[in-house]
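Right, one structure below, let's go through it.
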Amino acid sequence: MSKSNHRTRTGRSRKTEWPASYATRMAFTIAELAELSTIGRSALYNEIAVGHLKLTKIGGRSVILAQDAKSWLEGCADRAPDAGAVR
């Protein structure tokens with residue numbers, strides 16, 4: 001299984017293991033990535049809208065390439081607000 005690091009809501013880093021069936025996938029639908037990342041579809045669409053996640057059209061389907069999904073997950077930790085910061 002492929003592993004990716006990302007931060008939890010508390011700002012702690014957490015390793016995520018991709019299921020073996022997804023390790024060889026080349027692309028994901030929004031629904032598949034939402035289930036895999038445990039992030040809601042609306043949040044994924046927001047990430048696409050602000051340019052953090054790339055959506056690719058193939059024929060009439062919208063997919064997220066696996067390499068783009070992994071890069072996005074790795075980048076989430078970099079964009080996470082500092083857990084100790086005062087807002």
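The values are calculated or read from the model by the stated rules, or taken from the named source; none is laboratory data. Everything numeric in this text was worked out from a predicted model, so none of it was measured. Neighbour counts run over all protein chains shown; Cβ positions are idealised from the backbone, glycine included.
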Check: Taking region 43-87 only, how many residues are among the basic types (Lys, Arg) and modelled with pLDDT of 85 or more?
Finding: 4
Item checked: Within region 27-54, tally of residues that are touching a residue at least 12 places away in the same chain (Cβ under 8 Å), under 10 Å from the mean Cα position of the chain (by Cα) and loosely packed, with under 14 Cβ neighbours inside 10 Å -> 0
